[in-house]
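Single-structure report; data block below.
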Amino acid sequence: MNQAYYSGISGVMTHQYGMDVVSDNLANVNTVGFKGSTAEFADLFTTVLSSAGGSTPTSNDLGVGSRLQATSLQMQTGSLMSTDRFSDLAIKGDGWFGVVSGPDTYYTRAGNFVFDTYQGTPGDPASSVSRLTTNDGKFVTGTMAGNYTYNGAFDYGDLAASGTSGAYLINNTAEAMSLGSVNAQGLLELPTRLVYPAEATTQAQFFGNIGGSAGPLVLSADVISPSSDVNRLRLSFTKSAVQPAEGITWDVTATVTSNDGSITYDTQNGQAVFDAAGRLSSFSIPSVNNDGGTVAIDPGIAYSGLTSAEAAPFTGSSTSDGLIQGFLVQYGVNQNGAIVAEFSNGRQSAIGQVAVYHFQNNQGLERAGDTLFRASANSGDPFFQTDAEGNPIAGATVYSGMLENSNVRLDVGLTDMIIMQRAYQANAKSITTADELIQKALQMRK
């Protein structure tokens, strides 16, 4: 009877712990990134009354109650919720975001991140960068590409209005990122004034048929200067006074002006010679100056570019390389975890990578509150997954503009609560029943 009394007490305590676990799960059913726990019970030691032997096929022992053995994490991914902020991140699959506060490193599935801002160069507001943080100020970790530099004299478009100069300039575009080693991860700092530099035009190609009229006939192309101005390259064709016995010779004037024609940067004169079949034989203007940049003129060869067939009408077109400078429009995070800057000129460049950590044993992580976890001896050290070439990769899908909700199921939690309640009541009843039996036994002595 004493055994039943103490077994009932252990059962009450055990299921109280179980109720605590269930209650905590239900309290966090809407907590972003929360991982529910499952209460796992085990029996206490047993008293052996007799061992199995030759005459006794089974052992004869008596259990003395139960205990809470473990509260194991439920690691399934919670449902993903859409948000309107690119800084909200969610991981689909195995993995953890890393956050740091001083010397302490934590891991979390809650990606409801925000930005703080500080000046990279103290006293210079144009050098501001935004750091990705948690709501309570812990910094999200990852790798920055280092493919941009600060230029304090750069006009970001507000120099004339406010007298403010300075911006970060992309110096090496990147389509993808590599994380580096686990221990080399740092803060994610995103420039607030970021520029994709202009790519000056180096070549202009011309196509079409000049025809046979006396002219002047004009072909033109937009060319980008080193200072990101869109200028105009014009080729003016006029029939030469002296013509060959066969074919046509044209006097050509190549002019580079500002787009409105108010400034002339260069003028070159030469000739274009075509044979009797209208194929280009020679073109004597190789290049022109475009406000400090050299633009090669490519009229083609034979029939590949310009022709001069008198029987055909005048047609013309052109293409040129180069790109005007672009200003930062927005940041985004792709499914590999790369932070991508988008610019007003249509270009993109990766500038950083959000780190996604993995553990050999996720169940060994220790809760640290605020949906944070610490690594432990049971979890092992964090590591990065790698591709076939050994390069670190996310190893999971990262969604921007989404959050992972708690993985606690309300229906399961309510069912578990009923089970814990009934078990608690049953164990409490066994205590009172054992107590009544003890009292009855004591009364038998009188």
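Rundown of residues vs (1) farther than 17 Å from Gly211 by Cα; (2) touching a residue at least 60 places away in the same chain (Cβ under 8 Å), yes/no style:
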position: Ser262; (1), (2): yes, no
position: Gln271; (1), (2): no, no
position: Gly292; (1), (2): yes, yes
position: Asp298; (1), (2): yes, yes
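Tell me, please, whether a residue that is of a type in the set (A, V, I, L, M, F, W, C), over 53 Å from the mean Cα position of the chain (by Cα) and either modelled with pLDDT of 95 or more or part of a strand (DSSP E or B) (or both) can be found in segment 235-248. Yes; the residues of segment 235-248 include at least one that is of a type in the set (A, V, I, L, M, F, W, C), over 53 Å from the mean Cα position of the chain (by Cα) and either modelled with pLDDT of 95 or more or part of a strand (DSSP E or B) (or both). Only one entry in Ala39, Ala4 is surrounded by 15 or more Cβ atoms within 10 Å (Cβ to Cβ) and outside any strand (DSSP E or B), namely Ala4.
Restricting attention to segment 3-32, the residues being among the polar types (S, T, N, Q) and either within 14 Å of Tyr424 (Cα to Cα) or over 47 Å from the mean Cα position of the chain (by Cα) (or both) number 5. Can Ser308 be described as more than 14 Å from Leu219 (Cβ to Cβ) and in the same structural domain as Leu233 (by TED's automatic domain parsing)? Answer is no for this residue. The listed residues are Ser376, Ser344, Ser349, Ser317, and the only one of them that is among the small types (Gly, Ala, Ser) and either within 17 Å of the chain's Cα centre (by Cα) or crowded, with 18+ Cβ neighbours inside 10 Å (or both) turns out to be Ser349. Of the strands (runs of 3 or more DSSP E) contained entirely in segment 94-179, not one carries at least 2 residues that are modelled with pLDDT of 90 or more, farther than 29 Å from Ile393 by Cα and within 18 Å of the chain's Cα centre (by Cα). A single entry from Gly322, Gly300, Gly337, Gly369 fulfils the requirement of being at positive phi and surrounded by fewer than 15 Cβ atoms within 10 Å (Cβ to Cβ): Gly369. Applying the set (1) farther than 30 Å from Arg193 by Cα; (2) of a type in the set (S, T, N, Q); (3) in a strand (DSSP E or B) to Gln363 leaves exactly one unmet item: (3).
Kindly indicate whether any position in segment 395-406 is more than 17 Å from Leu188 (Cβ to Cβ), hydroxyl-bearing (Ser, Thr, Tyr) and out of contact with any strand residue (DSSP E or B) (no Cβ under 9 Å at 6 or more places or on another chain). Among the residues of segment 395-406, at least one is more than 17 Å from Leu188 (Cβ to Cβ), hydroxyl-bearing (Ser, Thr, Tyr) and out of contact with any strand residue (DSSP E or B) (no Cβ under 9 Å at 6 or more places or on another chain), which makes the answer yes.
Which of (1) surrounded by fewer than 19 Cβ atoms within 10 Å (Cβ to Cβ); (2) more than 30 Å from Gly102 (Cα to Cα) does Ser225 not meet, given it meets every other one? Going through the list (1) surrounded by fewer than 19 Cβ atoms within 10 Å (Cβ to Cβ); (2) more than 30 Å from Gly102 (Cα to Cα), Ser225 breaks only (1). For beta carbons closer than 7 Å, sequence separation of 6+ or different chains, a first residue in segment 149-178 that is more than 20 Å from Val329 (Cβ to Cβ) and a second that is part of a loop (DSSP other than H, G, I, E, B) and among the charged types (D, E, K, R), the qualifying pairs are Gly152/Asp124; Ser165/Asp155.
The values are calculated or read from the model by the stated rules, or taken from the named source; none is laboratory data. Keep in mind the model is a prediction, meaning the values are calculated, not measured. No Cβ is skipped: glycine too gets one built from the backbone with ideal geometry, and neighbour counts run over all protein chains shown.
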